[in-house]
Amino acid sequence: MNSFIIYLLALGAFVVGTAEFVVSGVLDIIARDLQVSISLAGQLVTVYALFHALGAWGLVMLTSKLQRKKVLLYSMLIFILGNIIAFFSLNFGMLMFSRIVLAMSGGLYFVLATNYAARLAPSGKQGSAIATVITGFTVSLVLGVPIGTFIAAYMDWHYVYIMIAIIAFINFMLLYRFIPRMEGNPSLSLKQQLLIIKDKKVITGLLTTVFWILGYTMVFAYIAPLLSSVADFSIEMISTALLVLGVFAFIGSRLGGYAVDRWGPVRTIPISLIIHAGALFILPITAGSTIGILLTIMIWGTAAWITTPANQFYLITLRPQSSETVLSYNTAVMNIGMTFGAGLGGVVVKYNSVQNLGWIGGMVLLLALAIALVSFRLTTKPS
C-alpha cells in the first residue's frame with residue numbers, strides 16, 4: 001500500500017511539474033493571445049521560480065506544526081484553484097496571479113510529498129522513494145510539456161490548465177482516501193527552523209544544490225541556440241535532443257534513488273557531479289557528430305538527475321527530525337539557482353559566445369563537487 005501512495009505522490013509531482021514547465025513550450029502562443037511581448041511573457045517563468053522557492057521555504061515553515069495530511073491536501077486544492085484561475089485568464093495580470101498561486105502551492109506540495117515518501121518507505125529504500133517523487137516531476141518534461149504544447153497548438157492554451165486541474169483533482173481524491181495521517185513537528189519554533197542553516201554541514205549541502213543546478217541551467221536554458229549554432233541542428237533535431245534529454249533525466253532520477261540506497265550519498269554525489277561536468281566539457285567537442293552529441297546529452301541527462309535524489313537524501317540524514325524544513329530550503333535554493341543560472345547563461349551568450357556555455361557550466365559543476373566534498377568532510381568530524 002505504501003508503494004501505491006508513493007506513486008500517488010509522484011503523480012502530484014507530475015502535475016506540479018507540468019504546470020511549471022508547460023509555459024516554456026507555449027510562450028509565443030500566450031504572448032500573441034494576450035498581446036504582450038515575448039520578453040514580458042517570459043517573466044511568467046521567472047516569477048514562478050521565485051514564488052515556488054517562497055512556497056517551498058516560507059509555507060513549509062509556517063505550517064510545520066500542522067497535521068501534514070491536511071497541509072498536503074490543502075496545497076493540492078489551492079494548486080487546482082490556481083489552474084482554474086489560469087483557465088479563465090483573459091489578461092496577462094490574471095495569468096501572472098495564477099502563476100503565483102500555482103508556484104506557492106506547488107512548492108509546498110513538492111516538499112511535503114518528498115518528505116512523505118521518505119517517511120513511508122521501508123528502511124534502506126528512502127532514496128528510491130524520494131527518487132520516485134522526483135521522477136514524477138521529471139516525467140512532466142518528457143510527457144506533460146509535449147502533450148500540453150500539442151493541446152495548445154490544436155485547441156487553446158487555456159485547456160492545458162483545465163486538464164491539469166482535472167488530473168490534480170483525481171489525485172487529490174485518491175490521496176484523501178489512501179494517505180495516512182502524519183503529525184507536524186511542534187518541537188521546532190520558527191527561530192529554530194531558521195537556525196538550521198547555520199549548520200555548516202547543511203549550508204554546504206545546500207550550496208552543492210545551488211551550484212549543481214546553476215551549472216545545469218546555464219546550459220539547459222540555452223540548449224536550443226547552442227545546438228543550432230554548434231551542431232547546426234534543425235528545430236526537429238532540437239526537439240529530438242530535448243526528448244532524449246528528458247528520457248535520460250527520468251532514467252537518472254531512478255538510478256539516483258537506487259545508487260543512494262546501495263552505495264550512499266557520499267559516493268553517489270561526487271561520481272554524478274564528475275560525470276555531469278565531463279559531459280558539459282565535451283559537449284562542444286562532440287558537436288561535429290549527431291550521434292556523438294546525442295550520446296553526450298544522454299550522459300548529461302543521466303548524471304545530472306542522479307544528483308537530485310542523492311543530495312536530498314543526504315540533507316535528510318543531516319537533520320532527520322527537521323527533514324521537511326531542510327527539504328524546503330533545498331527546493332528554495334534550487335529555484336534560486338535556476339533563476340541565476342538562466343541569468344548568467346544569458347550574460348555569457350550576450351557578451352561572449354553560446355559555444356562557451358559548456359565549459360563554463362562544467363567549471364561550476366566542479367565547484368559544486370568541491371563544496372560537496374567539504375560537506376562530507378564536515379560530517380565525518382566528531383561533534
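Numerical summary
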{"item": "Helices (runs of 4 or more DSSP H) contained in region 1-80 and holding at least 3 residues without any contact (Cβ under 8 Å) to a residue 60 or more places away in the chain and on the phi < 0 side of the Ramachandran plot", "result": "27-34, 38-41, 43-54"}
{"item": "Top-ranked residue of region 334-370 - restricted to ones that are open to solvent by 30 Å² or more (accessible area, probe 1.4 Å), in contact with a helix residue (DSSP H, G or I) (Cβ under 9 Å, 6 or more places away or on another chain) and among the β-branched types (Val, Ile, Thr), ranked as modelled with the highest pLDDT", "result": "Ile360"}
{"item": "Residue that is nearest to Glu20 (Cα to Cα) [pool: residues in region 371-383 that are open to solvent by 20 Å² or more (accessible area, probe 1.4 Å) and in a helix (DSSP H, G or I)]", "result": "Ile371"}
{"item": "Selected residue (only one of Ile306, Ile271, Ile293 is more than 30 Å from Lys65 (Cβ to Cβ) and surrounded by fewer than 19 Cβ atoms within 10 Å (Cβ to Cβ))", "result": "Ile271"}
{"item": "Residue identified as in contact with a Ser or Thr (Cβ under 7 Å, 6 or more places away or on another chain), assigned to a helix (DSSP H, G or I) and either small (Gly, Ala, Ser) or modelled with pLDDT of 95 or more (or both) among Ala287, Ala277, Ala303", "result": "Ala303"}
{"item": "Restricting region 140-168 to residues that are aromatic (Phe, Trp, Tyr) and crowded, with 17+ Cβ neighbours inside 10 Å, the residue that is modelled with the lowest pLDDT", "result": "Trp157"}
{"item": "Number of the exception - Ala49 against (1) under 21 Å from Val133 (Cα atoms); (2) modelled with pLDDT of 95 or more; (3) open to solvent by less than 60 Å² (accessible area, probe 1.4 Å)", "result": "(2)"}
{"item": "Test: residue in region 222-242 that is under 30 Å from Ile316 (Cα atoms), part of a helix (DSSP H, G or I), under 20 Å from the mean Cα position of the chain (by Cα) and modelled with pLDDT of 80 or more", "result": "no"}
{"item": "Selection status of Gly124, crowded, with 24+ Cβ neighbours inside 10 Å and small (Gly, Ala, Ser)", "result": "no"}
{"item": "Number of the exception - Pro320 against (1) surrounded by fewer than 22 Cβ atoms within 10 Å (Cβ to Cβ); (2) closer than 18 Å to Val219 by Cβ", "result": "(2)"}
{"item": "Whichever residue in region 98-139 is more than 17 Å from Thr307 (Cα to Cα), among the small types (Gly, Ala, Ser) and modelled with pLDDT of 85 or more and, among such residues, is farthest from the chain's Cα centre (by Cα)", "result": "Ala121"}
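The values are calculated or read from the model by the stated rules, or taken from the named source; none is laboratory data. All of these numbers come straight from a predicted model, not from anything done at the bench. Cβ sites come from the backbone with ideal geometry, for glycine too, and all protein chains shown count toward neighbours. Quick note on the areas: whole protein, heavy atoms, side chains included, nothing else; ligands and nucleic acids left out. Shrake-Rupley method; radii C 1.70, N 1.55, O 1.52, S 1.80 Å.
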